[in-house]
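Data first, discussion second: the structure below is written as structure tokens.
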Amino acid sequence: MSTLPAQRRPAEAAPAPELVACAVCGLEGSPKEMADCAECGAVFHIDLSQQALGRSCGAATFGQACGFSFSCDPCIERYEESAASGGPWRSAVR
Ligand SMILES: [Zn+2]
Ligand SMILES: [Zn+2]
């Protein structure tokens, strides 16, 4: 008597990749396509190779205070405005 539950399928237990909504454009993406902004904490698309997604909603940035980090597009715009008025700056590495 071997009645193994061989035909059981993981119908609901299948691990679906969790998608994360981008705070900048609103589209969802897989977590490995996303980064979080060091400034505001928003999760956004980043495509460092500029190949897989064909777009980024932020960039790696380099600043005077803490070196490299990621910043979303809205924060990069704020940095540029801040720099124009003599404030702290970060520049996008594109
Ligand atoms: Zn996006
Ligand atoms: Zn941000």
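The conditions are (1) touching an Asp or Glu at 6+ places or on another chain (Cβ under 9 Å); (2) part of a strand (DSSP E or B), and residue 75 fails exactly one of them. Which is it?
(2)
What do you reckon, is residue 91 more than 16 Å from ligand 1 (Cβ to nearest atom) and modelled with pLDDT of 95 or more? Step through it out loud before you land on a result.
Numbers: more than 16 Å from ligand 1 (Cβ to nearest atom): yes; modelled with pLDDT of 95 or more: no.
For residue 91, the condition - more than 16 Å from ligand 1 (Cβ to nearest atom) and modelled with pLDDT of 95 or more - is not met.
The values are calculated or read from the model by the stated rules, or taken from the named source; none is laboratory data. None of these values were measured; they are calculated from a predicted model. When we count neighbours, we look across all protein chains shown, and the Cβ atoms used for this are built from the backbone with ideal geometry, even at glycine.
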